[in-house]
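A single structure is presented below for examination.
Here, each number is a calculation from the coordinates, and none is a lab measurement. Just so we're clear, the structure is a prediction, and the values are computed from it rather than from any experiment. Neighbour counts run over all protein chains shown; Cβ positions are idealised from the backbone, glycine included.
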Ligand code: FAD
């Protein structure tokens, strides 16, 4: 029995299900760097570097174990540029009897690998991914017969099933949700001295990849002059330990807060390591729970962290695999504007957007509220076509794999699935950003104004959005308060807002000077 075991760039764990019964006498691992994975959307230099460097480190690890490996490098002279092309070549060379893989994270990749197996008349065995607490079947069973999907119920089920932060059948602390305690800002005085993030100096493998990326993908978004992501499991474990020790205790309180020029704050920065499978979410949550039991971190911080990983991360994966491929086409609000050019440069005078986009292009990272309530909110209010927003998010972040990026972007952030994922559109005016950050202090726009020269575009576009979608929103009880406020505006005010919003939209389309 000669098997070819396919390992993709986001499956870099020797304990992956595809490798459980690996037999070096008969089996070969196949890995391939291909240009298509960086060009089907414009993948940023940070993102491509993370993937290729982590793949090369993992390949080195497998070779050190003496496991047979077929590995295509991006700059191999005969690289076909696609996963399908490289796999076909490997099959022709090795003539395996069977292909085995762990379920991939991208619908497009699954289709293309399945097609290759079919062309070669080979069985392709797809194993469950054990880097999740739930299976897609669990999610489908949960979703069946429910009129509405909500994170909260799925999350509670998973807490119970996995005994995480539980006291028998009850949640520790007597409540499931500490969201209300997790919305602090840094106030006027700012965050003060912040713990340093874990940054890893590029070794020779990473430096080689950086040269390759700068050479082959010179025109791709962002820069890698500052590259510091963990690219091995050992480095990721250090990052986990430093998060638990230095940042988890304040993670909850400041989960939604932003501060000009402060990229890392109290977040974990573990999404990339988790999504590449350098870390298993079980060990991550075990470490967080242990910190609570030792009295090192308060319950609201630990519950907030658990909710993100056991709740949202599992939930969005279920949505993705039960809804694809139609999900990617969603455009419930008929939004057709182009993504403004400044998303690729950060060159805008809206301070919050400039800050979030600049750090994104520099590091391939922004935290959740920056993604949801700055870059995402602006695109939603402007009315950008969801597919363009999706391509941007999938391209720029180091943690972007479609199963997690697409539902977050299309569903949670752009409401393009019409409310399947989120119970209401996440919309707010510039005042929200003012409350959660200090961006507005140095900005030429005023979040309290919706018309006039210094009106904050977020505020103008917010009222304009409510006005444009009032009929759809009126069906949603959770939007009633916001609509009530809209109705307090005089017809003249509404007219002036609509005109200003139109002018702003037109300005975004004009070619940049
Ligand atoms: P922390 O704030 O430290 O949170 C801890 C962990 O919880 C994260 O590492 C992540 O694994 C998980 N998590 C938190 N929120 C979510 C969520 N909404 N969905 C799934 N997992 C979550 N996350 C990605 O991993 N990849 C993406 O491509 C991605 N795209 C996003 C696009 C948009 C428009 C939005 C609004 C969110 C997106 N997220 C994505 C979710 C979230 O913003 C990131 O997981 C988080 O910012 C990563 O930083 P961190 O590791 O410091 O997270």
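Mean separation of Cα pairs under 8 Å and 6+ residues apart, divided by the residue count of the chain: what relative contact order is that in percent?
The normalised contact order for the chain reaches 16 percent.
Using the count of nearby Cβ atoms within 10 Å as a rough guide to exposure, how do 245, 135, 206 rank from fewest to most?
Arranged by neighbour count, lowest to highest, 245, 135, 206 become 245, 135, 206.
For the stretch 136-323, what's the relative contact order in percent, using C-alpha pairs closer than 8 Å and at least 6 residues apart?
The normalised contact order for the stretch 136-323 reaches 34 percent.
With contacts defined as alpha carbon pairs under 8 Å and 6 or more residues apart, what's the relative contact order of the stretch 3-127 in percent?
Over the stretch 3-127, the number comes to 34 percent.
Here's a follow-up. Quick check on packing: order 212-219, 483-490, 55-62 by the mean number of other C-beta atoms within 10 Å, highest mean leading.
Ranking the peptides 212-219, 483-490, 55-62 by packing returns 55-62, 212-219, 483-490.
Sticking with this structure for a sec: Angle check, please: helix 457-468 long axis (alpha carbons) against the longest principal axis of the chain (alpha carbons), in degrees 0 to 90, nearest 10.
Roughly 90 degrees between the two axes.
Another question, if that's okay. Computed FRET efficiency, Cβ-Cβ of residue 448 and residue 98, R0 56 Å: what is it to the nearest 0.05?
Once the sixth-power term is evaluated, E becomes 0.30.
So how tilted is helix 281-293 from the main axis of the chain? Cα-based, degrees 0 to 90, rounded to 10.
60
On a 0 to 90 degree scale, rounded to 10, what angle separates helix 386-396 from the longest Cα axis of the chain?
60
Would you list 303, 262 from fewest to most Cβ contacts within 10 Å?
Ranked by crowding around the Cβ, least crowded first: 262, 303.
Going by how many other Cβ atoms sit within 10 Å of their own, how do 72, 437 line up, fewest first?
Exposure proxy ranking, most exposed first: 72, 437.
Using only helices, what value at 222 nm comes out for the chain when you add -39,500 (n - 2.57) per DSSP H run of length 4 or more and divide by the total residues, to the nearest 500 deg cm²/dmol?
Taken over the chain, the calculation gives -12500 deg cm²/dmol.
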